[in-house]
Amino acid sequence: MARSILRTFALVLALTFIGGHAAAQSGRYHAVVDAAHRGTDGARTAGVPTWRTIGAALAAAPAGEAPYRVLVRNGRYHEKLSVTRPNVHLTGESRDGAVLTYDAAAGHAAPGGGTWGTRGSFTLRVAAPGFRLQRMTVENAFDYMANRRKAADDPTRLEGSQGVAVLTDSASDRSFFGDCVLRGHQDTLFTDGDRAYFTGCTILGSVDFIFGGGRTVFEDCDIVSLDRGSRTNNGYITAPSTPLSQPFGLVFIRGRLRKESPSMAANSVVLGRPWHPGADPTLVGSAVFIGTWMDDHVSAAGWTRMSMMNAAGERMWYEPEMSRFFEYGSTGPGAAPSPSRRVLTEQAAAYFTVAQVLRGWNPRAE
């Protein structure tokens, strides 16, 4: 009798928990995405419309600017997405389990003719304010290394190997990325909008894999350089193209510059190089590392130069000294002092805070 009562009590508790969980889920999210969903697309599950693809859930968002919150269940979603509605919030069931992936590269043919180009190669494009991505992985799955290993005369070798995972486009502002993974090789993250904030994220790549003219803070993030197999040149972490009129570009605060594996060559990755699209002299890249731990793959020289072709077809070289490249409080085996690595004063470094860089927006308060 006692056991029967206990079993009944346990069942009531379980049903109460399940019902409460469903109600909480219904109140918190406006849509659920589940790759394993076998019902009618958009049918309600536990009171919430459920879709098989993220794109379908986004297409169903009501017009307006009210937050639209979507829970993405674990699964691999092979989709190429542009977010053009304000205040879309995507939250994954788990960071490594909910994966948005696509494999476009700049040199691949685009559906409308021509090629994707770097800007069009994105997996996820943010083109509206108030976007939030939490607890998810976004990757550009183009096989950069397999393409790199092909012979120069191999007709299948792609010349445009850039593959963007995330693009914060010019219409974006107040973009929030928390506890996410961004994975690619060349050009993983293209920041080209206004304010963006990354916290607790892991960003992986090899060549210019954090680049663009956006105003972006990376706080407590792991920046992982992938091994290209070279003993001397495994790539470049940043390639900013910050407008001269903009005081801040790429700002890294209390993060870590890691390498893919212990066997990756020391002194083989530079902190960044100045990107001047179209040889535009009004773009003076800014990349600043504050309190950053650096592994030994980071080059002792720190930074390097970059060239671009101007409108007259002339090659123009841009030196790191011409850019706004600085460090302060770097630690770890890759933080060796060097005349080519400019260090901010304590007073100047105090200016590079989340509040200053993202002035007018407090991402921690949302």
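Checking the stated criteria, residue 118 turns out not to satisfy the condition of being modelled with pLDDT of 95 or more, outside any helix (DSSP H, G or I) and more than 11 Å from the chain's Cα centre (by Cα). Looking across region 253-282, just one residue is of a type in the set (Ser, Thr, Tyr) and buried (at least 19 other Cβ atoms within 10 Å of the Cβ), and that is 268.
Counting only strands (runs of 3 or more DSSP E) that sit wholly inside region 215-302, those with at least 1 residues that are closer than 29 Å to residue 178 by Cβ and over 18 Å from the mean Cα position of the chain (by Cα) are 269-272, 286-290. Against the conditions (1) without any contact (Cβ under 8 Å) to a residue 60 or more places away in the chain; (2) within 17 Å of residue 96 (Cβ to Cβ); (3) of a type in the set (D, E, K, R), residue 179 satisfies every one except (1). Going through region 150-181 one residue at a time, which ones are among the basic types (Lys, Arg) and over 22 Å from residue 116 (Cβ atoms)? Of everything in region 150-181, just one residue is among the basic types (Lys, Arg) and over 22 Å from residue 116 (Cβ atoms), namely 174.
What pairs come up if the first residue lies in region 243-270 and is farther than 17 Å from residue 225 by Cα, the second is of a type in the set (Val, Ile, Thr) and loosely packed, with under 15 Cβ neighbours inside 10 Å, and their beta carbons are under 7 Å apart, counting only those six or more places apart or on different chains? Here the result reads 243/282; 244/282, each pair linking region 243-270 to a residue that is of a type in the set (Val, Ile, Thr) and loosely packed, with under 15 Cβ neighbours inside 10 Å.
In region 304-317, the count of residues that are among the aromatic types (Phe, Trp, Tyr) and more than 26 Å from the chain's Cα centre (by Cα) is one or more.
For region 62-77, the set of residues classified as touching a strand residue (DSSP E or B) at 6+ places or on another chain (Cβ under 6 Å) and not in a loop (DSSP other than H, G, I, E, B) consists of 68, 69, 70, 71, 72, 76, 77, listed by residue number. In this structure, is residue 113 surrounded by fewer than 19 Cβ atoms within 10 Å (Cβ to Cβ), on the phi > 0 side of the Ramachandran plot and free of Cβ contacts under 8 Å to residues at least 24 places away in the same chain? Judged against the criteria, residue 113 is a match.
Scanning region 185-214 for residues that are farther than 25 Å from residue 362 by Cα and assigned to a loop (DSSP other than H, G, I, E, B) turns up 185, 187, 188, 206.
How do the pairs read when you match residues in region 68-83 that are touching a residue at least 60 places away in the same chain (Cβ under 8 Å) and more than 9 Å from residue 102 (Cβ to Cβ) with residues anywhere that are of a type in the set (Gly, Ala, Ser) and part of a strand (DSSP E or B), using Cβ under 6 Å and keeping only pairs 6 or more apart or on different chains? Every condition considered, the pairs that remain are 72/92; 72/98.
Checking each residue in region 209-220 for being in contact with a Ser or Thr (Cβ under 7 Å, 6 or more places away or on another chain) and either under 21 Å from residue 273 (Cβ atoms) or crowded, with 24+ Cβ neighbours inside 10 Å (or both) picks out 209, 210, 211, 212, 213, 214, 216.
The C-beta contact set for region 124-146 (first residue touching a residue at least 12 places away in the same chain (Cβ under 8 Å), second residue surrounded by fewer than 19 Cβ atoms within 10 Å (Cβ to Cβ) and among the β-branched types (Val, Ile, Thr), distance under 6 angstrom, 6+ apart or interchain) comprises 127/84; 128/84; 134/91; 135/91; 139/101; 141/101.
May I ask you to verify whether residue 164 is modelled with pLDDT of 95 or more, surrounded by 21 or more Cβ atoms within 10 Å (Cβ to Cβ), touching a Phe, Trp or Tyr at 6+ places or on another chain (Cβ under 6 Å) and in a loop (DSSP other than H, G, I, E, B)? Spelling it out, residue 164 is indeed modelled with pLDDT of 95 or more, surrounded by 21 or more Cβ atoms within 10 Å (Cβ to Cβ), touching a Phe, Trp or Tyr at 6+ places or on another chain (Cβ under 6 Å) and in a loop (DSSP other than H, G, I, E, B). Residues in region 303-316 that are over 26 Å from residue 349 (Cβ atoms) and either in a loop (DSSP other than H, G, I, E, B) or without any contact (Cβ under 8 Å) to a residue 12 or more places away in the chain (or both): 307, 310, 311, 312, 313, 314, 315. Any residue in region 230-238 that is over 24 Å from residue 333 (Cβ atoms) and buried (at least 19 other Cβ atoms within 10 Å of the Cβ)? Among the residues of region 230-238, not one is over 24 Å from residue 333 (Cβ atoms) and buried (at least 19 other Cβ atoms within 10 Å of the Cβ), which makes the answer no.
Just so you know, in region 20-47 the residues that are among the aliphatic types (A, V, I, L, M) and over 29 Å from the mean Cα position of the chain (by Cα) include one that is modelled with the highest pLDDT, and it is 43.
The values are calculated or read from the model by the stated rules, or taken from the named source; none is laboratory data. Small disclaimer: the values here were computed from a predicted structure and weren't measured. As a convention, Cβ positions derive from the backbone with ideal geometry for all residues, glycine included, and neighbour counts pool all protein chains shown.
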